[in-house]
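Peer 1: If you scroll down you'll find the structure; I have some questions about it.
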Amino acid sequence: MEGMRMGSMTRMADRRVASIRWTDMVGPRISKIIEKIGKRTYEYIAHMSGEFLYQVAGGMYGNKHVVDLGMHTCTCWMWQLSGIPCVHATCAIFAKNLEPSMFVDNYLLPSTYLDVYDPNIYPIVEDDD
């Protein structure tokens, strides 16, 4: 049990320190995912319908999807499932000259990550008596 407690204590401390050093709006893993998705947006065209409403067409099969940037939804459902803007949403976000990381769900933000690993597991003093 002591090994599990020590492992948890050091892992939580390490992740706290790592998340404090993050300079982006999201963590490095999420940034890589957003970057990868962003490279696929050239396949799509975003057509504005309203201030935050877009129809995005294109892709391999020429599909059309409705993206609502205000509600953080896309009819492909990937954005709602992952919390990360899908390729259709990213295309619409780029059309507004905005940054996709501004549209990730709150649970993917560094502040939330830090809140998860914030509680300390306190060291234990052992007496040799």
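The values are calculated or read from the model by the stated rules, or taken from the named source; none is laboratory data. Nothing here was measured: the structure is a model prediction, and the numbers come from that model. When we count neighbours, we look across all protein chains shown, and the Cβ atoms used for this are built from the backbone with ideal geometry, even at glycine.
Peer 1: Pull up region 102-123, narrow it to residues that are assigned to a helix (DSSP H, G or I) and β-branched (Val, Ile, Thr), then point me to the one that is modelled with the highest pLDDT. I'd like the intermediate steps shown before the answer.
Peer 2: Step one: list which residues in region 102-123 are assigned to a helix (DSSP H, G or I), which gives 102-103, 106-108, 110-116.
Remaining after also requiring β-branched (Val, Ile, Thr): 112, 116.
Details: THR112: 84, VAL116: 78.
The residue in question is THR112.
Peer 1: From ILE84, ILE93, grab the single residue that is assigned to a loop (DSSP other than H, G, I, E, B), buried (at least 19 other Cβ atoms within 10 Å of the Cβ) and out of contact with any Ser or Thr (no Cβ under 6 Å at 6 or more places or on another chain). Please lay out each step first, then the result.
Peer 2: Values: ILE93 fails: assigned to a loop (DSSP other than H, G, I, E, B).
Criteria check complete, one pass: ILE84.
Peer 1: Then there is this: Within region 87-124, track down each residue that is over 21 Å from VAL66 (Cβ atoms) and of a type in the set (Gly, Ala, Ser).
Peer 2: Here is the first cut: in region 87-124, the residues over 21 Å from VAL66 (Cβ atoms) are 99, 101, 106-124.
Across region 87-124, the qualifying residues are SER101, SER111.
Peer 1: Given the options ILE37, ILE30, name the one that is touching a Leu at 6+ places or on another chain (Cβ under 7 Å), crowded, with 18+ Cβ neighbours inside 10 Å, outside any loop (DSSP other than H, G, I, E, B) and not acidic (Asp, Glu).
Peer 2: Numbers: ILE37 fails: touching a Leu at 6+ places or on another chain (Cβ under 7 Å).
So the residue among ILE37, ILE30 that is touching a Leu at 6+ places or on another chain (Cβ under 7 Å), crowded, with 18+ Cβ neighbours inside 10 Å, outside any loop (DSSP other than H, G, I, E, B) and not acidic (Asp, Glu) is ILE30.
Peer 1: I've got another one for you. List, please: which pairs have Cβ atoms under 6 Å, are six or more places apart or on different chains, and start with a residue in region 85-103 that is under 15 Å from ARG40 (Cα atoms) and end with one that is surrounded by fewer than 18 Cβ atoms within 10 Å (Cβ to Cβ)?
Peer 2: Between residues of region 85-103 that are under 15 Å from ARG40 (Cα atoms) and residues that are surrounded by fewer than 18 Cβ atoms within 10 Å (Cβ to Cβ), the close pairs are CYS86/MET78; VAL87/ARG40; THR90/GLY38.
Peer 1: While we're looking at this one, here's another question. Looking only at region 96-111, count how many residues are loosely packed, with under 14 Cβ neighbours inside 10 Å and hydroxyl-bearing (Ser, Thr, Tyr).
Peer 2: 2
Peer 1: Could you please let me know if SER19 is surrounded by 13 or more Cβ atoms within 10 Å (Cβ to Cβ), in contact with a Pro (Cβ under 6 Å, 6 or more places away or on another chain) and either in a helix (DSSP H, G or I) or aliphatic (A, V, I, L, M) (or both)? Walk me through it before giving the result.
Peer 2: Numbers: surrounded by 13 or more Cβ atoms within 10 Å (Cβ to Cβ): yes; in contact with a Pro (Cβ under 6 Å, 6 or more places away or on another chain): yes; either in a helix (DSSP H, G or I) or aliphatic (A, V, I, L, M) (or both): yes.
Yes, satisfied.
Peer 1: Right, here's the next one. Sort out which residues of region 60-79 are surrounded by 15 or more Cβ atoms within 10 Å (Cβ to Cβ) and not in a strand (DSSP E or B), and write them in order of number.
Peer 2: Answer for region 60-79, where residues must be surrounded by 15 or more Cβ atoms within 10 Å (Cβ to Cβ) and not in a strand (DSSP E or B): LEU69, HIS72, THR75, CYS76, MET78, TRP79.
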